1. Label residue 153 and residue 213 with points 7 Å out from Cα along Cα→Cβ: what is the distance between them in nm?
2. Quick one: how many Å² of residue 226 are accessible to a 1.4 Å probe, rounded to 10?
3. Along the stretch 154-168, what does the Karplus equation 6.51 cos²θ - 1.76 cosθ + 1.60 (θ = phi - 60°) give for ³J(HN,Hα), rounded to whole Hz, x for Gly and Pro?
4. Which whole-number percentage describes the relative contact order of the stretch 162-318, with Cα contacts under 8 Å and a sequence gap of 6 or more?
5. Using the Karplus curve 6.51 cos²θ - 1.76 cosθ + 1.60 with θ = phi - 60°, work out ³J(HN,Hα) for each residue of the stretch 203-210 in order, rounded to whole Hz, and write x for Gly and Pro.
6. Mind checking the full-extension length gain between residue 322 and residue 193? Use 0.36 nm per residue of separation minus the Cα-Cα distance, one decimal, nm.
7. In what sequence, highest mean first, do 126-136, 11-21 appear when ranked by Cβ atoms within 10 angstrom?
8. Once phi is turned into θ = phi - 60°, what whole-Hz ³J(HN,Hα) does the Karplus curve with 6.51, -1.76 and 1.60 give for every residue of the stretch 23-29, x standing for Gly and Pro?
Amino acid sequence: MGERNASGRVRRAVLWSGGICVLVLLLSPLAGASRLDLAKVLAGEAPDRDILLYLRLPRTLLAMLAGGCLCLAGSLFQALLRDALATPYTLGISSGAALGAVAAICFGWRQAGPLPAVWLAAIAGAAVVLWLVLLISSEGHRLSSFTLLLTGVTINSICLALILFLHSFAGFAQSFAISRWLMGGVDSIDYASLAMLAAVVTPPAALILFRSREWNLLAMGEEWATARGLSTDQLMRMGYVAASIVIGAVTALTGPIGFVGLIVPHVLRSRLGSDHRILMPCSILLGAAFLAVCDTIARTLLAPVDVPVGVVTALFGGPFFIWLLRSKRRSLWL
């Protein structure tokens, strides 16, 4: 009976979240610097049809894909580290991707093959950091959330220092490009690149969702999980690698976008509880909707100027997070 009630609760929460996500998907592409005539769009007339299909729709889809991935990774890292302040960027993957992208911009690396050099360099930087964190945190002793956190924070600080070093001697144009990329942004991309990103992040995201029951045990503590037959070392490595693949791929295309993976899981945990069978799918759907709404604000707030969406998420997310910390209505963690 309890299992049936839990399944019904999961279903209702996911349906509500999915409805909000679909509503945002339908409305967000209609907003922008110029007004779209839906009659012309449906009739296939230019430029309205081209603006919707090749500029606004892929941009909205990228924002939703990125937002969902960041929130999924945020909820997972909060479970792995048992830290309500953990974000998708806590363990250094985003900083590694940023370092790779900044190096590509600073040294003027050219496009290699079908993908821009900045994307490839960001993916390479994230992969190197992933390897370093696992190597250092696992050497000589079993992997624990504490050593994983310390190693990730240390590597993160080193990457940020190297980014500042490269930025210090970049030229004017390069410096502007670096600053813009580090703000985080969602741009219109071709559908092939969007499909490639989806193909990369879908398998690890599905694996994370499939193990949601085990994240519940791990969030209670490593000893608790071990006593119930889980291999915590293997589970933590798998979770970290899967989330890192998702974060690295998204960050390579959008740059670091803050607060999304922190705020949305927090709010959902306060409303839905800490059951990751509910929390994770709802985080994906509402995180997608949240970032798409923020991007809609970013492209319309000072139109025709395009504000980086990372600025919008910081301006909205920072004060909201402070309010959450000060709120005493309900606990935001276990």
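The values are calculated or read from the model by the stated rules, or taken from the named source; none is laboratory data. Note that the structure is predicted; figures quoted are calculated from it, not measured. Note: ideal-geometry Cβ built from the backbone for every residue, glycine included; neighbour counts use all protein chains shown. All accessible areas refer to the heavy atoms of the entire protein, side chains included, with ligands and DNA or RNA removed. Shrake-Rupley method; radii C 1.70, N 1.55, O 1.52, S 1.80 Å.
1. 3.4 nm
2. Number for this one is 80 Å².
3. Those phi angles translate into 5, 4, 4, 5, 5, 4, 5, 5, 5, 5, 5, 5, 5, 5, 5 Hz.
4. 31 percent
5. Using θ = phi - 60°, the values come out as x, x, 5, 5, 5, 4, 5, 5 Hz.
6. 42.8 nm
7. Per-residue mean Cβ counts within 10 Å order the peptides as 126-136, 11-21.
8. These are the phi-based 3J(HN,Hα) values: 4, 5, 4, 6, 8, 4, x Hz.
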